[in-house]
Ligand SMILES: [Fe+2]
């Protein structure tokens, strides 16, 4: 099946402010993806049937935002797409179909379309493209965390509220970001409820897209309905440099006890960090397996039972 190319641009309202703010501030624009039939119940069930089940991230969570221990990974083997969609509608699940662009041709095309739009408007290369489809339950939430690459969130169905926190202490430290880059943490970070007073927060409705500075901590609360969003993670040359410097810094902190800073501008310091990163990567293979063990499984009736 091929997707319908919309008339005109995918983003309706690129402004100078949005273009200048890219990578530096929280940017909000409108898009037209929510009008595409691939995101109907029927379309989603078909995608869930086609997407490799072993690659699908299924999570549940508690209510307490400070309790990352309640964020658990589960198994959804053996369910049809219809059953899985029903389990999300009636349960407390967060499904992440990561790299849908590598597994499904229609998402490969959509990912290329999104990247093409960004490259054209923003004048930068869009690298390491990972287009994920998020299908999540009413009232589900994603706790305070950060992502290593740049991200953009495209709201397609339902409403959610997103909260962004400053990328500095006490909200997050360089040492914590380094842990995420080195994959000794899955992006989760310590959170305190009083930080909400310092957050930038807004609702996301169908047709809203937001993107934010790399590694900026954030969290998400779903409204009382099924939510469908696209999460496009990607690197630009600048973002890739920052991730490599953080990787080098993490190794230096862990092995030598240093407290290194992040070089953002070209110079000998940045060159040395990039060389160190390249040498370290060559000698050490990083793991890509999930950090969380599978601790529950979803039945065909949509119940969660211990794995
Ligand atoms: Fe995120």
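Values for this structure:
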{"quantity": "Footprinting exposure proxy for 25, 136 (fewest neighbouring C-beta atoms within 10 Å first)", "calculated": "25, 136"}
{"quantity": "Taking segment 169-307 and dividing mean pair separation by its residue count, relative contact order in percent (alpha carbons under 8 Å, at least six apart)", "calculated": "23"}
{"quantity": "Principal-axis tilt of helix 105-122 within the chain, Cα atoms, nearest 10 degrees", "calculated": "40"}
{"quantity": "Inter-label distance for residue 271 and residue 89, nm, one decimal - labels placed 7 Å from Cα along Cα-to-Cβ", "calculated": "6.1"}
{"quantity": "Footprinting exposure proxy for 167, 254 (fewest neighbouring C-beta atoms within 10 Å first)", "calculated": "254, 167"}
{"quantity": "Where labels lie 7 Å past Cα in the beta-carbon direction, separation of residue 301 and residue 41 in nm", "calculated": "2.1"}
{"quantity": "Global geometry of segment 130-171, whether rounded, prolate or oblate, following the gyration tensor of its Cα atoms and the 1.5 cut on a/c", "calculated": "oblate"}
{"quantity": "Kirkwood-Stokes translational diffusion coefficient of the chain, alpha-carbon pairs, 37 °C, 0.692 mPa s, µm²/s", "calculated": "162"}
{"quantity": "FRET E, pair residue 15, residue 116, Förster distance 25 Å, beta-carbon r, rounded to 0.05", "calculated": "0.80"}
{"quantity": "Cα→Cβ-extended label distance, 7 Å offset, between residue 70 and residue 53, nm", "calculated": "2.9"}
{"quantity": "Order of 135, 11 - criterion: other Cβ atoms within 10 Å of each residue's Cβ, fewest first", "calculated": "11, 135"}
{"quantity": "Relative contact order [Cα under 8 Å, 6+ residues apart], the chain, whole percent", "calculated": "24"}
{"quantity": "FRET efficiency, residue 108 to residue 238 (Cβ-Cβ, R0 22 Å, nearest 0.05)", "calculated": "0.30"}
{"quantity": "Backbone N under 17 Å from the residue 128 label point (7 Å along Cα→Cβ), restricted to segment 8-52", "calculated": "23-24"}
{"quantity": "Cα gyration tensor shape for segment 242-283, rounded if a/c is under 1.5, else prolate or oblate", "calculated": "oblate"}
{"quantity": "Helix-only mean residue ellipticity at 222 nm for the chain, each DSSP H run of n ≥ 4 adding -39500 (n - 2.57), per residue, nearest 500", "calculated": "-9000 deg cm²/dmol"}
{"quantity": "Cα-based helix-to-principal-axis angle, 268-283 vs the chain, degrees rounded to 10", "calculated": "60"}
{"quantity": "Acute angle (nearest 10 degrees) that the helix 81-90 long axis makes with the longest principal axis of the chain, alpha-carbon atoms", "calculated": "80"}
{"quantity": "Cα gyration tensor, segment 108-252 - rounded (a/c under 1.5), prolate or oblate", "calculated": "oblate"}
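Bear in mind that the values in this text are calculations on the coordinates, not laboratory data. All figures in this text were calculated on a predicted structure; none of them were measured in a lab. Cβ: placed from backbone, ideal geometry, glycine included. Neighbour counts: every protein chain shown.
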